[in-house]
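We did not get these values from a lab; they are worked out from the coordinates using the rules stated. None of the values given here were measured: they were computed from a predicted structure. Here the Cβ positions follow ideal geometry from the backbone for every residue, glycine too, while neighbour counts run over all protein chains shown.
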Amino acid sequence: MRPRAAVIALVALVLAGCGDDKRPDGRPASGSTLRATLTDRDGDGFLQRGPAMPLTERRDLGGGGRPGREIARFGQITDAHVRDEESPARVPFLDRLGSPFESTFRPQEAETAQVLDAAVRALDAEHPQAVAVTGDLADNAQANELDLAIDVLRGGRSDPSSGGPRYEGVQQGDNPDPYYYRPDNDAPRHPGLTAAAQRPFQATGLDAPWFPVLGNHDALAQGEVPSTPAIEALATGSRMLTDLDRDVRPPSDEASAPAVVDALLDDPAGLPGRTRAVAPDPRRRTLSPTQAVEKLRAAAPGTGTVGGRLDYTFDVGDRVRAIVLDTVRREGGSGGVVLPQQVRWLERELRRAGDRSVVLFSHNPLDASDGGPAALAALGDAGNVVAAISGHRHHNAIEPDPGGFWRISTTSLADFPQQTRMFCLREVAGSGLALDTWMVDHDGRGVAGPARELAYLDAQGGRPQSFAGRRADRNARLYLP
């Protein structure tokens, strides 16, 4: 595998021309992609303002006609992965091993809180009645990460720095490891970017009520393993592992990922590779799933729990009932699970919804979760479900479900295209409904602008991965009979 910093530099130089300081020829788009979007028209590696992306009409489930009165309007933020990139409990070195460890390092990793803030500002301009935050607000189940993400959603002073007063991490300019992108030195150069990303800022905050969904990265270290005393000691300590010894060859299959992360993080006295000193910080303590649930519930009025899981309902206006389903495995692993007792609770809540239309939010897509088929069957049997909406995959996708509703997956804020999603449920003349959905670009202010540029160029998470999906997976009018 080629070093990540070298790949980024090569892409930037090939596309932009060595030494070329060409910038976009128009103002970047901000907000609804129904008005304008971002595009790389000339292939130079820089995003520019592009044309609007109209709704693609989809009648996979039948229905049709002219949409009329608006019933409900709501937004979705997912997979922000607000991260303490200076934490000793991170494993950025695993990224170079490939699947399933991709994106344990991202070149834009220091700017995650500011990207979330920029997305909030853009989503506020769409005037949702409610916003579902469908998991992975934090990246590494650390208290300071989740606290920072909540501060940004609420609005007010937000401080992304941890440890010492200066940036301490793998992107420091004096790091000799060529794998890591160093914005002070490597192309595309952004001198002072990591320093700027540490400064406190005034977050705008969501205008609408927001409703959290638990994600695996909110509750598990690296999204894979429950915290242990040793992992917490490492997170709050003063030694950061930056590279593995050459003779360390951890398995790279999906099933072994939790064990690998656990083995590397759970023995701070014997970290197997090059380390560096960092300032310790007790705010980096890791959270148990129970603690993560309680922190989210306390932060967002209107949430609740059933049997210790973040399962609850809320209304969007007087005609739409939203159901939140907690799919995180408490024993570890990134795959989703829906327990039998959750299916029974879901069936009761679907009956209680009465004649309201129902949307379901989960972090993991139900079709890829253990126990998910039973939940999908319950949604289909109810007859009033509009959509099952999720995150986790970092990829836009819209598929019809045989049960007569839509399955919608939304891309992350952590990777390109760093967008949120809006929804508008409308009546259709005669009979039926239409669910309009469209992507929303963040405003790119401050360090969020360079972060999007780096996300676009990132070889593992950027445009090569096509996380934006097809046009029909982004802006679509989804008919329901």
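Summary of values
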{"item": "Gained length - ALA277 relative to ARG330, 0.36 nm times residue gap less alpha-carbon distance", "result": "15.9 nm"}
{"item": "Inter-site label distance for GLU399 and GLN291 at 7 Å from Cα along Cβ, in nm", "result": "3.7"}
{"item": "Stretchable slack from SER431 to ARG246, in nm (0.36 nm times residue separation minus alpha-carbon distance)", "result": "60.1 nm"}
{"item": "Order of HIS81, HIS190 - criterion: other Cβ atoms within 10 Å of each residue's Cβ, fewest first", "result": "HIS190, HIS81"}
{"item": "Positive-pole candidate from LEU360, VAL447, GLY273, dipole of the chain, charges at beta carbon", "result": "LEU360"}
{"item": "Contour excess over end-to-end distance, with Cα ends at ALA368 and ARG445 and 0.36 nm allotted per residue", "result": "24.1 nm"}
{"item": "Sorted peptide list for 88-97, 136-145, criterion being average Cβ within 10 angstrom, highest first", "result": "136-145, 88-97"}
{"item": "Translational diffusion coefficient (Stokes-Einstein; Kirkwood radius from C-alpha pairs) of the range 4-480 at 4 °C, 1.567 mPa s, in µm²/s", "result": "57"}
